[in-house]
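Down below is the structure, laid out as structure tokens.
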Amino acid sequence: MLTFHNPLHARHAPVHEFFRGERVPCFEKPERVVYVEQALRERGHAWAVPDTDSSAVLAQVHTPRYLAFLQTAWAQWLAVSPENAQHQPFPSVWPVRTLRSDVEPQNFIARLGLYSMDNGSPLAAGTWAAAKAGADAAASAAHSVGAGSRAAFCCTRPPGHHAGADFMGGYCFLNNAAVAAQTLRNQGARRVAVLDVDYHHGNGTQSIFYDRADVLFVSIHGDPRTEYPFYLGHADETGEGPGAGFNLNLPLAAGSGVAAWFAALDVACQRIAQFGADALVVSLGLDSFEGDPISTFALTSDDFSRLGERLGALAVPTVFVLEGGYAAAELGTNAVNVLEGFEQH
């Protein structure tokens, strides 16, 4: 299995974020990918340089206005004051119910709020470069699978599954899983399934495909009544319009055990098989690990091998896209265990 890495990921390196109202060091940091790459090298995995420009696909999954903002956001921040080079911008106001979102404010912080779902996704000088290179890696991995490879891994950060068509959030700026799924569709796959196994619901991916029947979205995650992103991920969200019936959420109570998690995985896999997917994209969040600092599930490193084996049994061409997971030292072992478990089939 080829691994497509993001050579620019470290350019996104904000220093701090806000977590539950407190200013804390960033959980989502460059070391996350460093640990995964180290584990891949130690276990002999092959590397590939991303060779696909994702620009055209990004225009299919994100709005032009949002892409234009994200690409120029840091320059806009510096235009407010050159001293802002030493500061991270955070939104402080959002266009919630009854407020308008069709008019872009002139004030930068208000514009940032227009395109943000939270204040915990800090921008840095290299955020656009890192996010765009990650989308290129996701498109490259999908292109490889669409051209006949059985599987490929997109090893990148920042993650993507919380990013919607026109907003960032949850450390995510561009939706890499959506880029991979749309790339596979563009290459001729009639039906693509996206399975999100991150502890947190992939609200952005759901919203991008919610009214489509050609992309099935399935997610196993912490119950949004108590877990981020809070406002999406309930079991009664099943799709709308042509997409009715093509969205399956499997929320689990915080603290759910391994048996409950794998029972949900069986339901997810059965739905993917029923769908008749020509290709699968796995949003490979690893924060269901027992040692993760911001999650409450308890999968062990051996359980991630079991996850890979179950996905391999589906016998569907698969793109793995790295999402969350913040127990950094164990992240590499857990990621490689999934990939090697998959390859056993």
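The values are calculated or read from the model by the stated rules, or taken from the named source; none is laboratory data. Please read these numbers as outputs of a predicted model, since none were measured by experiment. Positions of Cβ are generated from backbone atoms using ideal geometry, with glycine treated the same way; all protein chains shown enter the neighbour counts. Accessible surface areas use protein heavy atoms only, side chains included; no ligands, DNA or RNA. Shrake-Rupley method; radii C 1.70, N 1.55, O 1.52, S 1.80 Å.
All but one of (1) more than 21 Å from the chain's Cα centre (by Cα); (2) acidic (Asp, Glu); (3) open to solvent by less than 40 Å² (accessible area, probe 1.4 Å) hold for residue 309; which doesn't?
Tallying (1) more than 21 Å from the chain's Cα centre (by Cα); (2) acidic (Asp, Glu); (3) open to solvent by less than 40 Å² (accessible area, probe 1.4 Å), residue 309 fails exactly one: (3).
Among the residues in segment 124-142, are any surrounded by fewer than 21 Cβ atoms within 10 Å (Cβ to Cβ) and farther than 30 Å from residue 318 by Cα?
Yes - at least one qualifying residue is present in segment 124-142.
For segment 13-42, what are the residues that are charged (D, E, K, R), open to solvent by 20 Å² or more (accessible area, probe 1.4 Å) and in contact with a strand residue (DSSP E or B) (Cβ under 9 Å, 6 or more places away or on another chain)? Give the steps one after another, and end with the answer.
Filtering segment 13-42 for residues charged (D, E, K, R) gives 17, 20, 22-23, 28-29, 31-32, 37, 41-42.
Next, from what is left, pick out any that are open to solvent by 20 Å² or more (accessible area, probe 1.4 Å): 20, 22-23, 29, 31, 37, 41-42.
Residues satisfying the conditions are 23, 37, 41.
Return the only residue of 173, 167 being of a type in the set (Phe, Trp, Tyr) and farther than 16 Å from residue 283 by Cβ.
Numbers: 173 fails: farther than 16 Å from residue 283 by Cβ.
Of 173, 167, the one residue that is of a type in the set (Phe, Trp, Tyr) and farther than 16 Å from residue 283 by Cβ is 167.
When you go through 5, 62, 45 one by one, which is the residue that is open to solvent by 30 Å² or more (accessible area, probe 1.4 Å) and out of contact with any Lys or Arg (no Cβ under 9 Å at 6 or more places or on another chain)? Quick ask: steps written out before the conclusion?
Working: 62 fails: open to solvent by 30 Å² or more (accessible area, probe 1.4 Å); 45 fails: open to solvent by 30 Å² or more (accessible area, probe 1.4 Å).
The unique qualifying residue is 5.
When you scan segment 173-180, do you find a residue that is in a strand (DSSP E or B) and either modelled with pLDDT under 95 or buried (at least 24 other Cβ atoms within 10 Å of the Cβ) (or both), even just one?
Just the residues of segment 173-180 that are in a strand (DSSP E or B), to begin with: none.
Looking for residues that are in a strand (DSSP E or B) and either modelled with pLDDT under 95 or buried (at least 24 other Cβ atoms within 10 Å of the Cβ) (or both), one finds none in segment 173-180, hence no.
For residue 10, state whether it is open to solvent by 50 Å² or more (accessible area, probe 1.4 Å), without any contact (Cβ under 8 Å) to a residue 40 or more places away in the chain and under 18 Å from the mean Cα position of the chain (by Cα).
Working: open to solvent by 50 Å² or more (accessible area, probe 1.4 Å): yes; without any contact (Cβ under 8 Å) to a residue 40 or more places away in the chain: no; under 18 Å from the mean Cα position of the chain (by Cα): yes.
The answer is no for residue 10.
Would you check which residues across segment 221-276 are at positive phi, open to solvent by 20 Å² or more (accessible area, probe 1.4 Å), part of a loop (DSSP other than H, G, I, E, B) and without any contact (Cβ under 8 Å) to a residue 60 or more places away in the chain and list them?
Within segment 221-276, the subset at positive phi is 230, 233, 239, 241, 245, 255, 276.
Imposing the further condition that a residue be open to solvent by 20 Å² or more (accessible area, probe 1.4 Å) reduces the set to 230, 241, 245, 255, 276.
Going one step further and asking which of them are part of a loop (DSSP other than H, G, I, E, B), we end up with 230, 245, 255, 276.
Listed by number, the residues that qualify are 230, 245, 255.
Taking residue 291 as meeting all but one of (1) free of Cβ contacts under 8 Å to residues at least 40 places away in the same chain; (2) in contact with a strand residue (DSSP E or B) (Cβ under 7 Å, 6 or more places away or on another chain); (3) open to solvent by less than 50 Å² (accessible area, probe 1.4 Å), write down the number of the exception.
(2)
Please identify the pairs in which a residue from segment 122-147 that is free of Cβ contacts under 8 Å to residues at least 60 places away in the same chain and more than 14 Å from residue 183 (Cα to Cα) has its Cβ atom under 9 Å from the Cβ atom of a residue that is open to solvent by 10 Å² or more (accessible area, probe 1.4 Å) and among the charged types (D, E, K, R), counting only partners at least 6 apart or on another chain.
Going by the 9 Å Cβ cut-off, the qualifying pairs are 128/11.
Spot the failing condition for residue 240; the list is (1) more than 21 Å from residue 339 (Cβ to Cβ); (2) in contact with a helix residue (DSSP H, G or I) (Cβ under 6 Å, 6 or more places away or on another chain), and only one is missed.
With (1) more than 21 Å from residue 339 (Cβ to Cβ); (2) in contact with a helix residue (DSSP H, G or I) (Cβ under 6 Å, 6 or more places away or on another chain) applied to residue 240, the lone miss is (2).
Which count do you get for residues in segment 86-111 that are touching a helix residue (DSSP H, G or I) at 6+ places or on another chain (Cβ under 7 Å) and in contact (Cβ under 8 Å) with a residue 12 or more places away in the chain? It would help to see each step written out before you state the result.
First, the residues of segment 86-111 that are touching a helix residue (DSSP H, G or I) at 6+ places or on another chain (Cβ under 7 Å): 89, 91-95, 101, 104-105, 108, 111.
Filter once more, keeping what is in contact (Cβ under 8 Å) with a residue 12 or more places away in the chain: 89, 91-95, 101, 104, 108, 111.
The total comes to 10.
I need the full set of residues from segment 307-342 which are farther than 19 Å from residue 270 by Cα, in a loop (DSSP other than H, G, I, E, B) and without any contact (Cβ under 8 Å) to a residue 60 or more places away in the chain, in order please.
Within segment 307-342, just 327 meets the criteria.
May I ask you to verify whether residue 196 is acidic (Asp, Glu) and within 24 Å of residue 320 (Cα to Cα)? Lay out the reasoning, then the answer.
Numbers: acidic (Asp, Glu): yes; within 24 Å of residue 320 (Cα to Cα): yes.
For residue 196, the condition - acidic (Asp, Glu) and within 24 Å of residue 320 (Cα to Cα) - is met.
Being in contact with a helix residue (DSSP H, G or I) (Cβ under 7 Å, 6 or more places away or on another chain), surrounded by 24 or more Cβ atoms within 10 Å (Cβ to Cβ) and outside any strand (DSSP E or B) narrows it down to one residue among 195, 216, 184; which is it? Lay out the reasoning, then the answer.
Details: 195 fails: outside any strand (DSSP E or B); 216 fails: outside any strand (DSSP E or B).
Exactly one of 195, 216, 184 is in contact with a helix residue (DSSP H, G or I) (Cβ under 7 Å, 6 or more places away or on another chain), surrounded by 24 or more Cβ atoms within 10 Å (Cβ to Cβ) and outside any strand (DSSP E or B), namely 184.
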